[in-house]
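Step one of this worksheet: look at the structure below.
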C-alpha cells in the first residue's frame, strides 16, 4: 500500500471545476510536488487529502484511510502546514510546540525542535512579533510534533524573501532526510526542482505532466537545440539550404532542432557557407521552466499568477524573401 | 470521548494568551470595577442641601422666622436675592431653576390672618424641584397650624423592607456583575470565533486531536474563571469603598457558572452564523447593547415605562441580574430559583445550538 493513492478525484465549487479528474500516487519517503499557478486546484487537492474538504468523486486513500470519514484518526498520523499558516498571536514558538505536543499527547524536546527548524533565537518571541519566514518555521515545527510519517506542506514559502525561502528548504530537506514522505504544493518552479523527487504540473484542475523533472522534460520537451546569435537573414539562409527545423526567436536568437548529432554539422556548415555574421553558439535542452510555459501557456509570476507573454517567440520564420543566396 | 487533560491544558494555553492581552484584561477585570467606582460615587454619596435662591420682599419678623424654619429642615440652603432684582431674570442669569419669593406685607397679613401666597419657582424636569416644593409646603403647613395654636396629630416615621437600609450601591453591584458576565464572554467569543474562522485557526485546530466540544468547553471554563475573579474584585471594591450590604451565598455559584456559559455560547453562535468578522461585530452589538442598558445593569428596571419592562423580560441578562439581586440583596432564594431555572434553560438551548452550528472544517 502506498502512502497516498488518488484516482479520478473531482471537486467543484458551483460551476467551477476546481479539480477535474486527478490521479496520482506517492511513494514512501518521496517528496512529491504539485506545481501550478493559482487556481490550478493544488490546494483543493491537498485539502481533500488532509481531510479538510470533502471530495465530490473519485477515490482517495491516505495511509490506508478515507481522509474525510477517518479524519480524526488520520490527523494523528500526518503533519500539515495549511496555506497562509497563522497561529495564536500571543503564544511563543516554544509554547506552540508544547501546546501541540500536549494536544497530541506526546512528549517532545521543544528546544531540539526549535533547533531543527532554525528558530532557537526566537523561541520565546510572541508569534505576532515574528517575521514571515519565522512564522512559517513555527508551522513546520508544528507539522512534525506528532512524528508523522506523512507531511503536507501547502505553499510553504509563498510570500517569503529568497533567503527565508532557502532556510525553509533546508528544513524541508532535513525532514526528507528523516525519511518522511512529503507532499508539497508550490507555484515556484525552482522550489519544485530543488526539493521534489517527482513533480505533477497542475493547470485548471488537471495534471498536465507528471514524473521526475527529467522524465517530464523528455516527454514534453522538444529535444536538443542548437542556438546561435545571428540575423534574420542568416536564419532564412539556413532554412533555405537545409532541411532542419529553424526558429528565429526574438533578440536575434536562431534556434535549430537537432534530432541526430549529424544535424549539428549540417547546420554549422550552412552557417559557414552563408558568410554572414554570427555570434555565441551553444546547445541546450528544454528546462522544466520551458515545459511549464508550454503546458500552462504562460509564465508564472512571484504571486503565482500566469502572465501570458513571449508570443513573439512563436512567430513563423519562413516568411519573406527566399531568393536570397 | 471528552478528554479532560486536553481541556485543562487548553484553558492554560488560552488563559496565558488572554492575560498577555492588556486591552482584554482591562475590559474583563478593571473596567467593571471602574464602573462601580464611578456610579457608586455619583449616586451613593449624599449631595447635601439644595441651593435655593430666595427673594424676601417683606420687611416684618415672620418672614425671617419662615426662612429660618426652611433652613432648619436641612434640605435647602437659602441664598438671599436683593428685593430690587427682577427675580425670574436673576434665576435665568444664574442658571438656577429653584427659587422662592416671599411677597410684601407677608408678616402683617400672617398676623392679621389674611390669606397670603408664597411663590415657588420650579423646573419639573429637576428632581430637586419636587424636594424644594415639598419642603416649602411642609413649612407653610407648620406655620398655618401654629397660627391657630394647634399641634400635629398624625406623625410619620420612615422605615424600609427588612431591617436593613438599602443603598443604590447594593443594587448597583449585582447589576454591574451582570454587566461583566455579559460583556466580556460575549464580545470575546464573537471576536474569537469570527477571527479564528477568518484566519483559518479552526481549520488548523481540526488537524489536532482536540475536539470542538473540548475547545468550546475550555473557553467557557476560562470565562467562568474570569467572571469569578471579576465578581470577587467588584464585591471587594463595593464593600471597601461604599460599605455595600451584600450577602454572599452558595446560591451565587450557579449564576456565576451559567452566566458566562450562556453568553460565551451566544457569542460563539453570533461569530459562527456571521460570514465576516465585521458582520459578527455588528450582530454582536445589536444583541448586546439592549441587554447592557435595559436588563437592570445600571438602574433597576422598575423605573422604566411598562412596555420597556416587558421587553426586559425577554432579555436573558434580566434573569441573571434579577437572580443576583434576589440572592445578594433580598436573600430571596425562591425567587432566585425561578431565575435560575430560566437561565439554565436558555443556556442549554444556546449552548447546544452553538455547538451544533459551529464547524471546524468546510464541505
Item to check | Identity of the residue in the range A:76-107, more than 32 Å from the chain's Cα centre (by Cα), more than 24 Å from residue B:361 (Cα to Cα) and part of a loop (DSSP other than H, G, I, E, B), that ends up farthest from the other protein chains (Cβ to nearest Cβ) | outcome: A:107
Checklist entry - With B:297, B:288 as the choices, which residue is in a loop (DSSP other than H, G, I, E, B), closer than 29 Å to residue B:43 by Cα and assigned by TED's automatic domain parsing to the domain that holds residue B:187? => result B:297
Checklist outcome for this item: Within the range A:238-251, residues being within 37 Å of the chain's Cα centre (by Cα), in contact (Cβ under 8 Å) with a residue 24 or more places away in the chain and part of a helix (DSSP H, G or I) number 2
Checklist entry - How about the range B:54-86: which of its residues are crowded, with 20+ Cβ neighbours inside 10 Å and either out of contact with any helix residue (DSSP H, G or I) (no Cβ under 6 Å at 6 or more places or on another chain) or free of Cβ contacts under 8 Å to residues at least 12 places away in the same chain (or both)? => result B:54, B:66
Item to check | Residues satisfying the stated conditions in the range A:41-61, i.e. away from chain B (no Cβ under 13 Å), surrounded by 24 or more Cβ atoms within 10 Å (Cβ to Cβ) and not in a loop (DSSP other than H, G, I, E, B) | outcome: A:42, A:45
Next on the checklist: With the requirement that a residue be assigned to a loop (DSSP other than H, G, I, E, B) and either more than 10 Å from every other protein chain (Cβ to nearest Cβ) or touching a residue at least 60 places away in the same chain (Cβ under 8 Å) (or both), what does the range A:62-75 give you?
Outcome noted: A:63, A:64, A:66, A:67, A:69, A:70
Checklist entry - Does residue B:37 satisfy the condition of being surrounded by fewer than 19 Cβ atoms within 10 Å (Cβ to Cβ), touching a helix residue (DSSP H, G or I) at 6+ places or on another chain (Cβ under 8 Å) and under 16 Å from residue B:223 (Cβ atoms)? => result no
Next on the checklist: Condition (residue is within 30 Å of residue B:10 (Cβ to Cβ) and more than 10 Å from chain B (Cβ to nearest Cβ)) applied to the range A:28-40: is it met by at least one residue?
Outcome noted: no
Item to check | Residue in the range B:7-21 that is closer than 30 Å to residue B:218 by Cβ, more than 14 Å from chain A (Cβ to nearest Cβ) and either under 30 Å from the mean Cα position of the chain (by Cα) or surrounded by 14 or more Cβ atoms within 10 Å (Cβ to Cβ) (or both) present | outcome: no
Checklist entry - Any chance the range B:260-267 includes a residue that's surrounded by fewer than 15 Cβ atoms within 10 Å (Cβ to Cβ) and either in contact with a helix residue (DSSP H, G or I) (Cβ under 9 Å, 6 or more places away or on another chain) or in a helix (DSSP H, G or I) (or both)? => result no
Checklist entry - What are the pairs, 6+ residues apart or on separate chains, where a residue within the range B:6-21 that is free of Cβ contacts under 8 Å to residues at least 40 places away in the same chain has its Cβ under 7 Å from a residue that is part of a helix (DSSP H, G or I)? => result B:9/A:102; B:13/A:99; B:19/B:25
Checklist outcome for this item: Scanning the range B:4-33 residue by residue, the ones that are over 22 Å from residue B:181 (Cβ atoms) and at pLDDT below 90 total 0
Checklist outcome for this item: In the range B:235-251, anything surrounded by fewer than 17 Cβ atoms within 10 Å (Cβ to Cβ) and outside any helix (DSSP H, G or I) is listed as B:243, B:247, B:248, B:249, B:250
Checklist entry - Got at least one residue in the range A:72-82 being over 21 Å from residue A:143 (Cα atoms) and at pLDDT below 95? => result no
Item to check | The lone exception for residue B:195 - which of (1) in the same structural domain as residue B:15 (by TED's automatic domain parsing); (2) at pLDDT below 90; (3) outside any helix (DSSP H, G or I) it fails | outcome: (3)
Checklist entry - Can you tell which of B:330, B:307 is over 27 Å from residue B:189 (Cβ atoms) and in a helix (DSSP H, G or I)? => result B:307
Item to check | Residue list for the range A:10-37, restricted to those being farther than 24 Å from residue A:189 by Cβ, free of Cβ contacts under 8 Å to residues at least 60 places away in the same chain and assigned to a strand (DSSP E or B) | outcome: A:10, A:11, A:12, A:13, A:16
Item to check | Matching residues, the range A:143-164, being closer than 21 Å to residue A:94 by Cβ and either more than 23 Å from the chain's Cα centre (by Cα) or part of a loop (DSSP other than H, G, I, E, B) (or both) | outcome: A:144, A:145, A:146, A:147, A:148, A:156
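The values are calculated or read from the model by the stated rules, or taken from the named source; none is laboratory data. Here the structure is a predicted model, which means the values were calculated and not measured. Note: ideal-geometry Cβ built from the backbone for every residue, glycine included; neighbour counts use all protein chains shown.
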